[in-house]
Each structure stands twice: as C-alpha cells, then as structure tokens.
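The next block holds one structure in the form of structure tokens; read it before the comments.
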Amino acid sequence: METMAGLARTTMCGEVDAAACGREVVLCGWVERRRDHGGLIFIDLRDRSGVVQLVASPDYDEASFHKAEAIRNEYVVCVRGTVREREEATINPQMATGRWEVVVTELRVLNSALTPPFYIEDGIDVDENIRLKYRYLDLRRPEMQRNLRLRHRVTKAMRDFLDRNDFCEIETPMLTKSTPEGARDYLVPSRVNPGRFYALPQSPQLFKQILMVAGMERYFQIARCFRDEDLRADRQPEFTQLDIEMSFVERDEILALMEGMVAEIFKAGLGKEVVTPFPRISYTEAMNLYGSDKPDLRFAMPFFEATDIVATTDFKVFRAVVEEGGQVKGIVVQGDAGIPRREIDGLVDYVGRYGAKGLAWIIVNEDGSIKSQIAKFLGDEMVRAIIERSGAQPGDLILMIADKAKVVAQALGELRLEMARRMNLIDEDQLAFTWVLDFPMFEYDEDEKRYVAMHHPFTMPRDEDIPLLESQPENVFAKAYDLVLNGVEVGGGSLRIYQDELQQKIFRAIGMSQDEAAEKFGFLLDAFRYGAPPHGGIAFGLDRLVMLMAGCRSIRDIIAFPKTQSAIDPMTQAPGEVSPKQLRELSIRTEEALVKK
C-alpha cells in the first residue's frame, strides 16, 4: 500500500465547484462506486463532505489508470487531478457536485477494503444488529454522518447560548455514591476499598444543587448519565443530558430562558424558526384532556367526559364502572363516520392491549341519524346528550372507554394517537412545544406500598400544598415542569428544596427514616445548613432531542456507539467476562464461580 508522503489534501470532495474549475486539487476519501467504460474509469469518491466524480484514463496518467482498474468499493485513496466541467449530457443534477469532475493525474491506494456486509448508502434495509456490529461502516453512511454533525451543532449552540447568559460549565464526578431512589444504579467495585462500591451517576442532581450552595449560581454540564433499566427505542443504559441549575430564580424565568435556548438550537441545527413563548398546560389538564403528561398537540381530538351523563343508566357496563369510581370518556374522530365495522372490531382489540375491556362507539351519519351498538341500552336522550357533550357533527365517529381512570387515560390516549395516524392528522413538519406544569409530588407504589416521588424527592412542593404533606400527600403538587415536543418529553426540571427541615419532611412522606436519609443524603442535608440559596433547574435529554430534530425513530441513530435493547454492544461484545485475577483484585466472587467450585 502507498502513503500520502508528498501530497496534502487541498479540497474536500463536496467542495468541488465552479471556483475550482481548471485548478489542480488533491482529494482523499473512500471509493463509493467504480464504473469501467473501457478506456475510461469513473470513480465516485466520498468523504464526509460529499461525493465527487473522478475520471481515470491512460491518456491522463497510465499508472493511475491501471490502479483504478484494480480498486474496489471502500478502498481508501488519495488523488491529484484537475477539475473540469462535465459535458452537458453527463451532468448529474442529483449530486451536489454533479456539474464537475476531476481528471486524475495521480492516484494512490492508501488501503484496501473487504466487501462490506451492506451498502454504504442511505435508506438501507439491514438488521440493526448487523449495523451495530459493523458500526464503523454504518457511520460512513451519509445520513448517519448528518445525524452526528447535527448533534455537534446542537451541543455547540447549547454551549454558546449558556456561555452568553453567564453560565459556567462544571464537570461533576462519574464515580459517586449509590443512592437508589428510582432506576437501578450501575455499580463499580473499588479495588482499594474492598467490599465497597461506587455508582455511576443517574444524573448530576445532588452535585448541581451543592454547586448552588457553593455560590456558583449558574451551572451547566453536558453530562453522561447511566441507568440500569429496561430499554426502549428512546432509552439507553448510558445517555447524555444537558444539565442546568440556577440560583435566585422563579419558575417563569427558567422557562423563558429555556425557550430562548431551544429557539437558538433549532435555528443553528436545522435553520428552523421556533415560535415562543410555548403554550402551557397543567398536568391535571393534560391528563384530563389527553390521558398523557406528554401530549402530542400537533392535532386536537381532546377527551370529553361522559361519566356524569351515564351515571344513572341501566346499562350495566357503564353503571358498574361509575359505581366503582371509574370513568367514561371519549374522543371524536371527525369525518370517520364511514369506518367499516371490521375496523371498529380491530380498535376493540387495539385498546385491549392497554387494559381496556371494551370500546363503545357512536356514528353520527351525514343525515344526522345515529348508529351505535349501545344506543338501545342508553336510550335516545342519553345518546343525544353524549353527542352534544362531545361536540360531534354529522359525519363524525365517537369512541368511548369505560374503566378505571388509569386504564381510560392510557387506552384512550393511545387510541387518540392511533386515530390521528389513520386520519393523517399529524403534520410531521410541525413543532408542537408545550410546557406541562404542576405535577403531583408523589405517586403510590403498589409493590412497595408507599408513596414515592414522581420526579425526585428534591423537588419543591407548591407553597399552598406544604401543610398537606403529612395528612394528604396525594393532593400535594410540585413546582415541576416538563418540556414536551410532539408527544415526547425532551426536558424536565423543577424548583428545588433548599431548606433542611422541608427536605426531611419529604423524606418522611416517602417512608424514609431520619437515619436512612442521613446515610444516603447526609452530605446534601449538611450543605443546606450552611446557607443554601433558592434554586431550580432543568435537564434536557440530548439524545432524545436530537432524535426528534433528525426525524429518526430511535436514539440509536444519533449516538455514535449505542447499545442494543439488551444493553449489549455487538461491535465490542461488551459486556464481557473478566479474568479470575481481576475479580480477586476486586474481592469479588461470582455465583457461577462458586457453583463450579
């Protein structure tokens, strides 16, 4: 193989243009395609900037022509040549550099390549495990490179904006103490402290609060975080978040500043204008209208309440649900009165996946007549009352679910999304931002038979709800806020507790004794006793945000080296076994080793 000795790249492949015509250039890259036309060989050369066509011929340089005869796709080459305009008939309007080509006068083969297991091009239909095993090839594909460059622009815009607004970027520890209260920690054994373990951080939450006690006032960090939890398309065992904290602020100041940052991110990353301020909706309103704390507001179709209307019905299905404290809610699908019965039957199966025991429907025909499987049980007056409450018009379809509140919210919420997809109501180019505010402070954990913090136990409760902490924890709401984009939570935060006494009350409310609190969070409580300022912040899921900006379906497509849904890296085969010697050094014996022994 040859080297680049004596040659230095002058031009990127995607930068060959009219200004370069007639000039000698030196290009480097990978062979994307080679076409042999007898006395002429055409090569599409690719680097991260794009693709340009090379032309090799014995008339230009015989040695380079013979080398071109032997090269194959993904060979790494360096060429010297002269840029010229293509003949009119050979111009390729699909290629950014399609009007020009480079006549090769010197070609060096820097490295050969095996035949790739898939094409290095966009839109490939390849099993994801294969793509991840050969990630270095997958990342050569233009769409993957665009995604990573978008991620770079986004993080740069974040840093620039926060720097201009007087924030200081500070790194917090990667090896810290395990304080499990939510997802499982990844543990790291300490060799020099046998039997003791570090934990990889699930977030920098406690450290950033301590930085506020330390007087830093405005902190941020693009932080790596780790959670040992079951994975989904938008989850990874290791992920990145933009972490922000501020002192002496109220909620509205934080929200306004973050809206300005988001607008700048989308401008820098995609060239898109984002309209601010963003709409705001309370958690209670979001759940009542959409069954979700992260509603997709690119379309309407809110829930309507029918529980009170059917409370006195003789229809046993509805009556039993109401008497047991459940709900009857529905949605209106405009213009879908012509839905075939088999599709309605399919919708019954669809909501059954989310726990719903059935689905009631009312069709309002174009002539105003009614068709429904429940009309004979409810009676004309009650059916008309439901139609009036729902706002349905002739030509519309009403779908209703009767069940426990939690089941209604999830099943009807998912049905709302499914019907929007079927009716093509979702504009994929729309950016529907909204703030969801005032989350419940606690939620009841049926497994542990206790209340747990919905966000985390360091969130400040609303002032008017503090007296309810001991007597009515279920009625306590928090000064918490999430930013939602197109039905996906991209950021979340809150004002924080900064007083030792109130923090102790929250710990007691979630069943944590004073001794346990001191053991897990004593360093934070001690810090609060030395003059902690009021503070609050937010964290943005960088992977999830860039995924939405790039139009991808999985965060794995915007992370350079992600794990599978089984938390495995097919390329490096991590996690892997370690030697007995390493385990002995860490004072660890595995169950498997004990069984063998």
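The values are calculated or read from the model by the stated rules, or taken from the named source; none is laboratory data. In this text the structure is predicted, and so the values were computed from the model without any measurement. Here Cβ is always computed from backbone atoms with ideal geometry, including for glycine, and neighbour counts include all displayed protein chains. Just so you know, the surface numbers come from the protein's heavy atoms only, side chains and all, with ligands and any DNA or RNA stripped out. Shrake-Rupley method; radii C 1.70, N 1.55, O 1.52, S 1.80 Å.
For this structure, a couple of remarks:
- At most 16 other Cβ within 10 Å, DSSP loop - chymotrypsin sites (Phe, Trp or Tyr not before Pro), segment 170-251: F248
- Residue (of L545, I588, P575) at the positive-pole extreme of segment 532-597, dipole from beta-carbon charges: I588
- Counting only DSSP H runs of at least 4 residues, each contributing -39500 (n - 2.57), and dividing by the residue count of the chain, the helix-based mean residue ellipticity at 222 nm comes to -9000 deg cm²/dmol.
- Look at the dipole of the chain built from charges on Cβ: of G98, T459, Y350, the Cα furthest out on the positive end belongs to G98.
- Under 5 Å, built H, 5+ apart or other chain: amide partners of R184: D228
- Restricting segment 48-91 to GluC sites (Glu not before Pro) that sit in a DSSP loop and have at most 10 other Cβ atoms within 10 Å of their own Cβ leaves E87.
- Note, ³J(HN,Hα) from phi for segment 246-263, Karplus 6.51, -1.76, 1.60, rounded to Hz, x at Gly and Pro: 9, 9, 6, 10, 10, 4, 5, 5, 5, 4, 5, 5, 5, 4, x, 5, 4, 4
- Heavy-atom accessible surface of the chain: percent carbon and sulfur, 1.4 Å: 49 percent
- The largest accessible area among T3, T307 belongs to the first residue in T3, T307, and the rest follow in falling order (1.4 Å probe, all chains).
- Dipole magnitude of segment 395-468 about its Cα centre (Cβ charges: Lys, Arg +1; Asp, Glu -1), debye to nearest 20: 200 debye
- Taking Cα atoms only, the orientation of helix 380-390 departs from the longest principal axis of the chain by about 50 degrees.
- The calculated P(r) of segment 315-427, using every Cα pair and 5 Å bins from 0, goes 2, 12, 23, 25, 22, 12, 3, 1, 0 in percent.
- Across segment 284-299, computed HN-Hα scalar couplings (Karplus, 6.51 cos²θ - 1.76 cosθ + 1.60, θ = phi - 60°) run 4, 5, 4, 5, 5, 8, 10, x, 8, 8, 9, x, 8, 9, 6, 9 Hz from first to last residue, x flagging Gly and Pro.
- Per residue, the average separation of C-alpha pairs within less than 8 Å and at least 6 apart gives the chain a relative contact order of 13 percent.
- Cβ charges +1 (Lys, Arg) and -1 (Asp, Glu), total dipole of the chain, debye: 1480 debye
- At a probe radius of 1.4 angstrom, the accessible area of the chain per residue rounds to 50 square angstrom.
- Loop sites in segment 423-466: trypsin sites (Lys or Arg not before Pro), DSSP, at most 14 other Cβ within 10 Å: K449
- Derived scalar couplings ³J(HN,Hα) [segment 66-82; Karplus, 6.51 cos²θ - 1.76 cosθ + 1.60; whole Hz; x for Gly, Pro]: 5, 5, 5, 5, 9, 6, 9, 4, 6, 4, 9, 9, 10, 10, 10, x, 10
- Flagged links, alpha-carbon separation over 20 Å, of K272/K294; K357/K404; K316/K376: K272/K294
- In this calculation the C-beta distance from M571 to R149 is compared with R0 = 35 Å, giving a FRET efficiency of 0.95.
- Anisotropy class of segment 146-231 from Cα gyration tensor, a/c 1.5 cut: oblate
- Computed from the C-beta positions of C552 and T90, the FRET efficiency with R₀ = 41 Å rounds to 0.70.
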